[in-house]
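The values are calculated or read from the model by the stated rules, or taken from the named source; none is laboratory data. Just so it is clear, the model here is predicted, and its values are computed rather than measured. Cβ: placed from backbone, ideal geometry, glycine included. Neighbour counts: every protein chain shown. Note: areas computed on protein heavy atoms with side chains; ligands, DNA, RNA excluded. Shrake-Rupley method; radii C 1.70, N 1.55, O 1.52, S 1.80 Å.
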Amino acid sequence: MEHTQFWQIVDELGWPDTHYDEAKRSFMKRYPAEVAQEFVKLFLTCKNELYTRAGLTEISDSVDDVRAHVIGLGREVYEQTIANPQLLRDRLENGDYEESFSYCIPHESDYALLTADGYDSYIRLAQQIIDNIDTADPDDIPPRIYRQYPAVREVCEHIAARRFGEAVSLYRQIYGEGYTGSWPKEAFGYGIPNCVKDLERYLL
């Protein structure tokens with residue numbers, strides 16, 4: 001990928017004013033997976049250059065996020081920081097960055113979620129939950145959790161049958177608008193909330 005195209009895409013993503021979920025979705029609508037693969041190669045090269053120029057020795061989430069943030073701000077800020085690496089160290093020290101421009105970049109697995117076939121692993125999970133509910137012994141389940149089995153099963157039935165719109169609508173009706181809401185994650189994990197979130201972001 002040419003640097004010109006790379007920085008054009010960075011500008012299109014609108015970081016940090018655009019949330020990374022929306023930026024990623026925009027990337028995927030504009031460009032195929034092959035472009036994303038080339039983009040991430042140059043992105044990693046730029047990150048490594050910032051690390052080297054700034055003389056950093058630590059590896060941490062903060063160091064990763066601040067380098068990604070500088071790249072997300074565009075070519076001018078990136079080149080200024082390369083010329084004066086103290087700017088990166090100052091951002092790191094002052095917390096002058098946001099987490100994380102890296103999340104704007106789609107991976108191959110993200111592109112798969114643009115089609116119904118990309119949800120096969122979620123369908124298998126939903127069926128497994130249904131099977132576990134059907135074979136559960138009520139005497140072994142805390143009553144508070146057991147009372148939630150019918151609603152959980154109904155959401156999973158929609159997912160297993162690829163009735164994705166119905167699954168998301170029912171999930172939101174029962175568990176609210178937040179990421180997990182009141183979903184009984186202590187019993188069923190985060191897989192179904194992740195499925196709902198991905199369906200809302202990529203397919204529906």
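Mind listing whichever residues of segment 38-59 are in a loop (DSSP other than H, G, I, E, B) and open to solvent by 40 Å² or more (accessible area, probe 1.4 Å)?
Of everything in segment 38-59, those that are in a loop (DSSP other than H, G, I, E, B) and open to solvent by 40 Å² or more (accessible area, probe 1.4 Å) turn out to be G55, T57, E58, I59.
Consider I130 carefully, then state whether it is more than 30 Å from Q5 (Cα to Cα) and either among the β-branched types (V, I, T) or open to solvent by 60 Å² or more (accessible area, probe 1.4 Å) (or both).
Yes.
Does segment 139-153 include one or more residues that are within 23 Å of N194 (Cβ to Cβ), in contact (Cβ under 8 Å) with a residue 40 or more places away in the chain and of a type in the set (S, T, Y)?
No, because not a single residue in segment 139-153 is within 23 Å of N194 (Cβ to Cβ), in contact (Cβ under 8 Å) with a residue 40 or more places away in the chain and of a type in the set (S, T, Y).
Under the condition of being among the charged types (D, E, K, R) and surrounded by 13 or more Cβ atoms within 10 Å (Cβ to Cβ), which residue from segment 97-122 is farthest from A33 (Cα to Cα)?
Only one residue fits best here, namely E98.
If I ask for residues that are of a type in the set (A, V, I, L, M) and modelled with pLDDT under 95, which ones from segment 88-113 would you list?
If the condition is that a residue be of a type in the set (A, V, I, L, M) and modelled with pLDDT under 95, then L88, L92, A112, L113 are the ones that fit.
Please determine whether any residue of segment 75-82 is under 19 Å from Y202 (Cα atoms), among the β-branched types (V, I, T) and in contact (Cβ under 8 Å) with a residue 24 or more places away in the chain.
No, every residue in segment 75-82 fails to be under 19 Å from Y202 (Cα atoms), among the β-branched types (V, I, T) and in contact (Cβ under 8 Å) with a residue 24 or more places away in the chain.
For the subset of segment 69-94 comprising residues that are assigned to a loop (DSSP other than H, G, I, E, B) and touching a helix residue (DSSP H, G or I) at 6+ places or on another chain (Cβ under 8 Å), which member is nearest to E2 (Cα to Cα)?
Per the stated criteria, the residue is G74.
Pull up segment 184-204, narrow it to residues that are free of Cβ contacts under 8 Å to residues at least 60 places away in the same chain and among the aromatic types (F, W, Y), then point me to the one that is surrounded by the fewest Cβ atoms within 10 Å (Cβ to Cβ).
Going through the qualifying residues, I end up with Y190.
Out of (1) open to solvent by 40 Å² or more (accessible area, probe 1.4 Å); (2) part of a helix (DSSP H, G or I); (3) not acidic (D, E), the odd one out for F27 is which?
(1)
Could you tell me whether segment 3-13 includes any residue that is farther than 21 Å from Y111 by Cβ, open to solvent by less than 30 Å² (accessible area, probe 1.4 Å) and at pLDDT 95 or above?
yes
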